[in-house]
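The values are calculated or read from the model by the stated rules, or taken from the named source; none is laboratory data. Keep in mind the model is a prediction, meaning the values are calculated, not measured. Because the Cβ atoms are built from the backbone with ideal geometry, glycine has one as well, and the counts that use them run over all protein chains shown. These accessible areas exclude ligands, DNA and RNA; they are computed on the full protein's heavy atoms, side chains included. Shrake-Rupley method; radii C 1.70, N 1.55, O 1.52, S 1.80 Å.
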Amino acid sequence: MEKIETMRKQLLDVFPIRKTAAQKQAFREWLTRSLRKMGYPVEVETYGMGTNNVIAGRPEPAELVFTAHYDTGPRGIGFVSPTNLLLSVLIPVATVLLMAAAAFVLSVLPTFLMDAPGATVPLFVALMFFGLWMMVRGPANPNNANSNTSGVLAVLSIAQA
């Protein structure tokens, strides 16, 4: 049985980023092998859009289920999910409004300087789509140890115990 320190090293050294389909697949294979070595039955549930859940044990009769996401989020602004209902709505709205303000300035300034006012709206729309794309599908955040890696390691520690 692998010690949790060995698993931590694997997570941080071999699988630090799990964003592409190939990275996620390699990680799922390692995770499945690790959980099976601990004696758990393991299955991978596959859903549309590349969503896969690794299920260890038998969750249906369980009184308690532990979960963690294993994929790596994009670099940049991430939405915070506070328990305060008002803040959980205001933070994403404020983020998008700030992005819209930045896109507005970045679209008005060059089109004003180039005396091309007809290009302002298309440039604004392009900048907004780019900003939203970066928030969802942008480059991987290499500093994810305190996000998904800590969650996966916590669940593996519980499974091993």
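Tabulated values for the structure
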quantity	calculated
Residue within the range 42-60 that is of a type in the set (A, V, I, L, M, F, W, C), open to solvent by 80 Å² or more (accessible area, probe 1.4 Å) and in a helix (DSSP H, G or I) present	yes
Of all residues in the range 1-41 being among the aromatic types (Phe, Trp, Tyr) and in a loop (DSSP other than H, G, I, E, B), the one that is nearest to Ile158 (Cα to Cα)	Tyr40
From the options Arg75, Arg36, residue that is open to solvent by 80 Å² or more (accessible area, probe 1.4 Å), modelled with pLDDT of 85 or more and in contact with a strand residue (DSSP E or B) (Cβ under 9 Å, 6 or more places away or on another chain)	Arg36
Test: residue in the range 135-142 that is touching a helix residue (DSSP H, G or I) at 6+ places or on another chain (Cβ under 7 Å) and either over 30 Å from Pro16 (Cα atoms) or part of a helix (DSSP H, G or I) (or both)	no
Sole exception among (1) more than 17 Å from Gly151 (Cβ to Cβ); (2) of a type in the set (Gly, Ala, Ser); (3) modelled with pLDDT of 90 or more; (4) assigned to a helix (DSSP H, G or I) for Ser88, by number	(3)
Flag if Ala103 is surrounded by 14 or more Cβ atoms within 10 Å (Cβ to Cβ), over 19 Å from the mean Cα position of the chain (by Cα), of a type in the set (A, V, I, L, M) and farther than 18 Å from Val152 by Cβ	yes
Criterion (without any contact (Cβ under 8 Å) to a residue 60 or more places away in the chain and open to solvent by less than 50 Å² (accessible area, probe 1.4 Å)) met by exactly one of Met135, Met128, Met114	Met128
